[in-house]
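The structure appears right after this line, and notes come after that.
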Amino acid sequence: MFAGFGRRDRCEVIVSCCSPAPEDGALQGDDDLLEWTLADVSVSGVRSAPDAELVRMVRSLEARQRSIDALRSAVLAELDSRNEPQRRTGLRTPGWLGAEFGLPRDEAHRRVAVARMLRADLPLVADALASGRISFAHAAFLCRLANPRVRDLVVAMQQELVDLSIDVRFERWSKKVRSLINFADADGGHDPRPEDNRMSMTDGLNGDVHLDVTLVGDHAAVIRATLTEEAERQWRRHQELRAADPGHALPSRGQLLAEALAELVRRRAAIRPNVPAPVTDVTLVIQASDPLDARTPDGVRLADGTTRQLLCDAAIHALVVDSLGVPLDLGATVRFATHEQRRAARVRDGGCVHPGCDAPPMWTHLHHCHHASRGGPTDLPNLASGCPQHHALWHRSDWDIQPDPDRPARFIITTPDGRRLCSQQHGRFRE
């Protein structure tokens, strides 16, 4: 049994799971239904339920899920207010949440942001979520909508905004609420928030890259106009190819925009003053046991055609590693120059080495475990990749990071209470 208290000591969640499904298949009430749902989650058990019971099951689970979401938000907000994750693990609450439970970065940040807002400013929204009147999506929308200019208005109108959700689809409700707030926020359209500009980049299979971008204000206007113009140029190029070869397929709008973006980036990379060609700087990781196996520092294997194309217009840096991923040779005439050390450390560490941190390699600094000011060497085994937050943390007198004597290219981080944390490598912090 789990019991929790939300804002104003309101007990909202009591979930029990102790009874098997009735042998006759009859479910007497919502409590019995939930017990069966939680106790017997096998596919075969669900498949044996009648249609009406499945509908009731979904309704019951949704109601409980909303109460659990409210309790989770209250618990997260309390944990965050105590700064407990930071003191214990060196990670802020969103970072700890994502690392502990394998959540996407954006989702972990969203949960904590909503928890903070519900606790601090929107208790009536929290109550509506706990009672099941609204979903977590409704609560998150209202929290996100409450920018500093209209926060007081959203706080004052929170009950009315919740009431508008009765018997209406989420999309229609959110559109109406946004219209009301935008009407009251006369300056909203002219003052986009810089923090609303965001982009995520993830690797797919075979070297693919997936982008998810949101731009506002001037950034949105510039990228829209520039991409549209370049897409039209790409369209004309494809038409010329079609005229020369009737079998040439004309691309979709989505393909044109993707080609336009790639062309703009490639063109911009070619305009680097005082830098001799080739201009694209690429590191390829080569296994000592298989010199023909070329991969990116993130471990993505490149197809032969991709490698050959890069050789035409890129500066290739071959980094040879052993079976443990420890750099052996940088393939350069100058041994361990500062720039080359950074390149090797990025390939070795794959980002910040603090366990649970998701900072990518380009955000990291190199930290001297044995401090340079005390005679520590500027050698790769003594250098750990750390994001600005954790680099500063390691410099505090109550934290320490040292090379792991038992694991090559790994580190031991000691917390203020004496616990020893094993560093991560390429985002893997559990062995």
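The values are calculated or read from the model by the stated rules, or taken from the named source; none is laboratory data. Since this is a predicted model, take the numbers as computed values, not measurements. A quick note on method: Cβ atoms are made from the backbone with ideal geometry, for glycine too, and the neighbour counts reach across all protein chains shown.
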How many residues of the range 81-96 are under 11 Å from VAL112 (Cα atoms) and not in a helix (DSSP H, G or I)? The answer is 1
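Look through HIS109, HIS138 and report the one residue that is buried (at least 21 other Cβ atoms within 10 Å of the Cβ) and either within 23 Å of ASP212 (Cα to Cα) or within 25 Å of the chain's Cα centre (by Cα) (or both).
HIS138
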Among THR228, THR202, the single one that is of a type in the set (Ser, Thr, Tyr) and under 30 Å from HIS426 (Cβ atoms) is THR202
Output for Cβ contacts, cut-off 7 Å, separation at least six or different chains, first residue surrounded by 14 or more Cβ atoms within 10 Å (Cβ to Cβ) in the range 46-57, second at pLDDT 85 or above, reads ALA49/MET57
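Conditions (1) more than 29 Å from GLU107 (Cα to Cα); (2) without any contact (Cβ under 8 Å) to a residue 60 or more places away in the chain; (3) assigned to a loop (DSSP other than H, G, I, E, B), marked per residue:
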residue: ALA344; (1), (2), (3): yes, yes, no
residue: ARG348; (1), (2), (3): no, no, no
residue: ALA359; (1), (2), (3): no, yes, yes
residue: PRO377; (1), (2), (3): yes, yes, yes
residue: SER385; (1), (2), (3): no, yes, no
residue: ALA409; (1), (2), (3): yes, no, yes
Among (1) modelled with pLDDT of 90 or more; (2) of a type outside the set (S, T, N, Q); (3) over 27 Å from ARG133 (Cβ atoms); (4) more than 22 Å from the chain's Cα centre (by Cα), LEU61 falls short only on (3)
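Taking ARG116, is it under 26 Å from VAL75 (Cβ atoms), of a type in the set (Lys, Arg) and not in a helix (DSSP H, G or I)?
Details: under 26 Å from VAL75 (Cβ atoms): yes; of a type in the set (Lys, Arg): yes; not in a helix (DSSP H, G or I): no.
No.
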Of (1) under 27 Å from PRO85 (Cα atoms); (2) at pLDDT below 75; (3) in a helix (DSSP H, G or I), GLU431 fails just (3)
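Of LEU97, LEU76, LEU91, LEU118, which residue is touching a residue at least 12 places away in the same chain (Cβ under 8 Å), among the hydrophobic types (A, V, I, L, M, F, W, C) and more than 30 Å from ALA392 (Cα to Cα)? Step through it out loud before you land on a result.
Details: LEU97 fails: more than 30 Å from ALA392 (Cα to Cα); LEU76 fails: more than 30 Å from ALA392 (Cα to Cα); LEU91 fails: more than 30 Å from ALA392 (Cα to Cα).
From the options LEU97, LEU76, LEU91, LEU118, the qualifying one is LEU118.
Within the range 36-48, does at least one residue satisfy the condition of being under 24 Å from LEU129 (Cβ atoms), modelled with pLDDT under 50 and not assigned by TED's automatic domain parsing to the domain that holds ASP400? I'd like the intermediate steps shown before the answer.
Applying the first criterion (under 24 Å from LEU129 (Cβ atoms)) to the range 36-48 yields 37-38.
After this cut, where a residue has to be modelled with pLDDT under 50 as well, the list is 37.
Now restrict to residues that are not assigned by TED's automatic domain parsing to the domain that holds ASP400: 37.
Yes: one or more hits.
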